[in-house]
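Written out below as structure tokens is the structure these notes cover.
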Amino acid sequence: MSIDSDVLIDWYDETARDLPWRRPGISAWQILISEIMLQQTPVVRVEPVWREWIQRWPVPSAMAAEAPGEVVRAWGKLGYPRRALRLHECARVLAAEHGDEVPGDVEVLLGLPGIGAYTARAVACFAYGQRVPVVDTNVRRVVARAVHGRAEAGNPAARDLAETEALLPARIDRAAVFSAALMELGALVCTARTPDCERCPLPRCAWVAAGRPVTEVVRRTQKYDGTDRQARGRLLDVLRAATGPVERTALDLAWTRDPGQRARALDSLLTDGLIEQTSDGLFALAGEGGG
Ligand code: SF4
């Protein structure tokens with residue numbers, strides 16, 4: 001079964017969320033920032049930080065001029081802060097080697113730090129209107145259901161890109177909006193746990209036609225409390241709030257539950273390059289240790 005692109009695009013035109021990075025006049029750099037932030041963080045948390053960032057760093061060279069730690073600080077509580085560090089590296093390369101512009105070619109984008117298969121195509125599509133398949137979890141789920149009649153997408157596979165590309169409308173100016181619409185449908189209607197088929201604009205869906213066969217999926221709820229991630233977050237909070245390098249004891253006080261876990265968290269932050277240790281044994285955000 002295929003997906004009726006005209007119906008889907010009409011639905012999107014009528015109901016799409018008015019998200020700031022979708023508005024006219026938004027640069028490829030601003031779209032790139034939104035895509036990196038949105039990968040693991042919900043829209044409602046991303047939006048205020050994104051607004052701050054595009055004011056503060058309107059072009060890649062503005063971000064590249066900052067110490068990486070300042071970008072990690074501004075990342076705030078969006079989670080998975082390595083994304084901030086990678087974006088800073090990307091800004092440096094864009095400023096130094098790409099004339100302070102985000103390229104539109106997928107292969108060139110893939111060569112940039114921190115830009116993976118999804119982000120490269122999302123930027124090519126949403127910033128440059130190219131006819132390229134943009135495949136995220138939402139898109140994979142909609143395709144699995146509407147086209148293949150499966151309740152779940154299963155693990156990502158190499159064929160996902162080709163399958164999604166085969167669904168794109170031939171007209172270039174329709175392909176980008178179709179991709180946005182497919183993602184929106186997966187995010188708002190054809191959701192993982194409770195697809196709202198009553199509200200779905202698609203006239204035909206293979207999964208519904210097959211009687212909604214169920215797949216056994218074990219959904220792992222990601223626990224946060226007490227994890228190494230939480231410990232890392234607490235240590236980073238201390239350094240974000242500090243105006244200069246801090247003593248080890250300040251970090252020790254930020255996570256007293258489990259000294260072994262604290263040591264592991266500290267090591268991993270150092271290994272990831274998010275923080276650094278000064279020659280006199282203090283700790284600071286990357287680039288802020290004065291070394
Ligand atoms: S009919 Fe239901 S399962 Fe099929 S694509 Fe629409 S929301 Fe998803």
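The values are calculated or read from the model by the stated rules, or taken from the named source; none is laboratory data. Bear in mind that the values here come from a model prediction, so they are computed numbers and not experimental data. We place every Cβ from the backbone using ideal geometry, glycine too, and count neighbours over all the protein chains shown. Only protein heavy atoms, including side chains, enter the accessible area calculation; ligands, DNA and RNA are left aside. Shrake-Rupley method; radii C 1.70, N 1.55, O 1.52, S 1.80 Å.
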Kindly provide the set of residues from the range 41-63 that are open to solvent by less than 20 Å² (accessible area, probe 1.4 Å) and either small (Gly, Ala, Ser) or touching a residue at least 24 places away in the same chain (Cβ under 8 Å) (or both), ordered by number. 41, 46, 50, 57, 60, 63
Has the range 111-131 got any residue that is touching a residue at least 24 places away in the same chain (Cβ under 8 Å), open to solvent by 10 Å² or more (accessible area, probe 1.4 Å) and on the phi > 0 side of the Ramachandran plot? yes
Among 271, 243, 278, 215, which is the only one that is within 16 Å of the ligand (Cβ to nearest atom) and hydroxyl-bearing (Ser, Thr, Tyr)? 215
From 253, 270, grab the single residue that is open to solvent by 40 Å² or more (accessible area, probe 1.4 Å), out of contact with any His (no Cβ under 7 Å at 6 or more places or on another chain), under 19 Å from residue 70 (Cα atoms) and not polar (S, T, N, Q). 270
Starting from the range 224-248, keep only residues that are assigned by TED's automatic domain parsing to the domain that holds residue 279, then list their pairs with residues that are among the aliphatic types (A, V, I, L, M) and assigned to a loop (DSSP other than H, G, I, E, B) whose Cβ atoms are within a distance under 7 Å, requiring at least 6 positions of separation or different chains. 236/274; 245/282; 246/282; 247/282
For the range 197-212, which residues satisfy the criterion of being out of contact with any Leu (no Cβ under 7 Å at 6 or more places or on another chain), more than 6 Å from the ligand (Cβ to nearest atom) and part of a loop (DSSP other than H, G, I, E, B)? 203, 204, 210, 211, 212
So which helices (runs of 4 or more DSSP H) stay within the range 114-174 end to end and still have 1 or more residues that are within 16 Å of the ligand (Cβ to nearest atom) and over 19 Å from residue 38 (Cβ atoms)? 159-167
Look through 226, 233 and report the one residue that is out of contact with any Asp or Glu (no Cβ under 8 Å at 6 or more places or on another chain), in a loop (DSSP other than H, G, I, E, B) and farther than 20 Å from residue 17 by Cβ. 226
Going through (1) at negative phi; (2) in contact (Cβ under 8 Å) with a residue 24 or more places away in the chain one by one, residue 80 fails only at (1)
Tally the residues that are open to solvent by 40 Å² or more (accessible area, probe 1.4 Å) and not small (Gly, Ala, Ser), restricting the search to the range 86-99. 5
Keeping to the range 180-196, report how many residues are open to solvent by 40 Å² or more (accessible area, probe 1.4 Å) and within 7 Å of the ligand (Cβ to nearest atom). 1
If we keep only residues of the range 163-174 that are open to solvent by less than 60 Å² (accessible area, probe 1.4 Å) and not β-branched (Val, Ile, Thr), then the residue nearest to residue 13 (Cα to Cα) is 174
